[in-house]
Each structure stands twice: as C-alpha cells, then as structure tokens.
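A short worksheet on the structure shown next.
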Amino acid sequence: SILNPLFDPATGVFKGMVGVTRDIQERKTKEFEIMEGTRQKENLLKEIHHRVKNNFAILVSLINMQIAQTRNPELLQSLTNLQLRIRTMALVHEMLYRSSDFEKISFPGYLRSLASVIAGTYNMRNIELTIEAEESVMDIEASIPLGLMVNEILSNAYKHAFPDGRTGKIEVRFTIDQEAGEHTLIIRDDGVGMPAGDQFRSMGLQVVQILCTQIEGTLNITNSPGATFTIKFKPPVK
C-alpha cells in the first residue's frame, strides 16, 4: 500500500490522502520459488563437491595402502606422483565445499595449500619454499589445470633440482596484469637446472605442456642456472 497526502496549493492546508493498494501475492510467491530453487541448487553443489572430495580421499587411502606394501622404488615414486595429482584435484573440491558461492575459490589460498601438501610429501628441510600471490578468484575449470601444473613443476624441483642433499630455494609467484587481463605464474628454483633439450621428455612436463594448452596459455622454460617455468594465460570471461 502507498499513501500520499494532498495539500491545498494556495494555503498548504492538508486536505486528505490518496491511497493505492496492490495485490503482490503472485510476485512474492515467484520470488520465494526462485530463492528456494537457488538454495536447493547451492545445497546440491555443496553435496556434489563434498562427495567428490570424499571419493578422492578414498583413492588416496587406497594408494597409501599400496605404497605401504611396495618395495620397488620406481613403483613407489609413481604411486606418490599419482597420489599428489589426486590430492591436487581433491583440494579444489574441498575449497569449493567451504566456499560461499561453490563455484570459485581464492587462487592464492589454493596455491599455498597445494604447495604445503607437496612440500610435506617430500619433507626436504634443505629446501626453502616461498610463495607470493596477488588475490584472485578462479573457477574449477582454471583451478584444476593450474593446480596440476604447479604439482608437476614443484614435484620435479623437489625430486631433481637439489641432488645429494644440497640446499636451495624454490619461489612461486603469481601476478595479474589488470590492463591486459593476463595472469602470470612463475615457478623457479636455484638448483642444478634442466639438461639441454630435455624439457619435455618426462611425463610430468608433458602433462604441464598439455594442461597449458588446455587453458590457452603459453609456457616458457629457461635455465638461469636453475629452472624457471613461466606460464601466462587469460582466464575466460563469463
């Protein structure tokens, strides 16, 4: 209901009221249905992410059981690599489950959590890991490929960049060029570097190249003298 007072234009004396009453029951019912549908969708997405996360956790546990029974060093390394890849994907669903919109996550938070998991897996106290990341939110379509690339590159650095227990540093930097809309992810180490012409022989680095193509990004690898991986990409605009 809307009420408006009427005044005499000459004297300004109050003369009465004009009221309009409108039935909005149908509109309110539709608004409630939309809100209820949105709430159900959010609950469904939350349940999906929760179940996917739990399924990944079961896979990790099964691999742990296999690792405990394995004496072959090559098989042990393969199982560890597989487990890290699964954890990388599971972490995205865990963060989406905790997120308020269930579609996007804080990429710097994901990056730090993922790096912590990888560092904890290899547990090499002789290596110092630093992370600098500008705030950004990303959806699952970008987060998982980027996370898998970070996993492959960091794992490769921990396994090969610092042989014989030598000390070293690994640096991860994530920056955003707001004007160009371009994101840059740099992972570098001060280790022994990569053999010339050997950049894409390992399966892990082949995976990195494929995933970089998937997000329509560019990958550049240099030795200076340690290995530096530079990934540039533009997230899709939705």
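Quick look at the values:
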{"item": "Complete set of residues in the range 155-178 that are of a type in the set (A, V, I, L, M), in contact with a helix residue (DSSP H, G or I) (Cβ under 8 Å, 6 or more places away or on another chain) and closer than 20 Å to S106 by Cα", "result": "V172"}
{"item": "Among residues of the range 156-191, those that are open to solvent by 50 Å² or more (accessible area, probe 1.4 Å) and closer than 24 Å to L76 by Cα, counted", "result": "6"}
{"item": "Top-ranked residue in the range 95-117 [being crowded, with 21+ Cβ neighbours inside 10 Å and in contact with a Lys or Arg (Cβ under 9 Å, 6 or more places away or on another chain); ranked as modelled with the highest pLDDT]", "result": "L114"}
{"item": "Some residue of the range 140-158 being in contact (Cβ under 8 Å) with a residue 60 or more places away in the chain and assigned to a strand (DSSP E or B)", "result": "no"}
{"item": "Pair list, Cβ < 8 Å and 6+ apart or interchain, from the range 1-15 residues that are under 30 Å from Q25 (Cα atoms) to residues that are open to solvent by 80 Å² or more (accessible area, probe 1.4 Å) and of a type in the set (A, V, I, L, M)", "result": "L3/M17; N4/M17; P5/M17; L6/M17"}
{"item": "Any hit, the range 20-34, residues being open to solvent by less than 100 Å² (accessible area, probe 1.4 Å), assigned to a strand (DSSP E or B) and either of a type outside the set (S, T, N, Q) or over 30 Å from H93 (Cα atoms) (or both)", "result": "yes"}
{"item": "Selection within the range 115-132 - in a loop (DSSP other than H, G, I, E, B) and free of Cβ contacts under 8 Å to residues at least 40 places away in the same chain", "result": "N123, M124, R125"}
{"item": "Complete set of residues in the range 54-105 that are free of Cβ contacts under 8 Å to residues at least 12 places away in the same chain, assigned to a helix (DSSP H, G or I) and among the small types (G, A, S)", "result": "S61, A68, S78"}
{"item": "Residue under evaluation E216, criteria (1) touching a residue at least 24 places away in the same chain (Cβ under 8 Å); (2) part of a loop (DSSP other than H, G, I, E, B); (3) open to solvent by 70 Å² or more (accessible area, probe 1.4 Å), criterion not met", "result": "(1)"}
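The values are calculated or read from the model by the stated rules, or taken from the named source; none is laboratory data. In this text, all values refer to a predicted model and were calculated from it rather than measured experimentally. Cβ sites come from the backbone with ideal geometry, for glycine too, and all protein chains shown count toward neighbours. The protein model used for the area step is the full one, side chains on, heavy atoms only, and it has no ligands, DNA or RNA in it. Shrake-Rupley method; radii C 1.70, N 1.55, O 1.52, S 1.80 Å.
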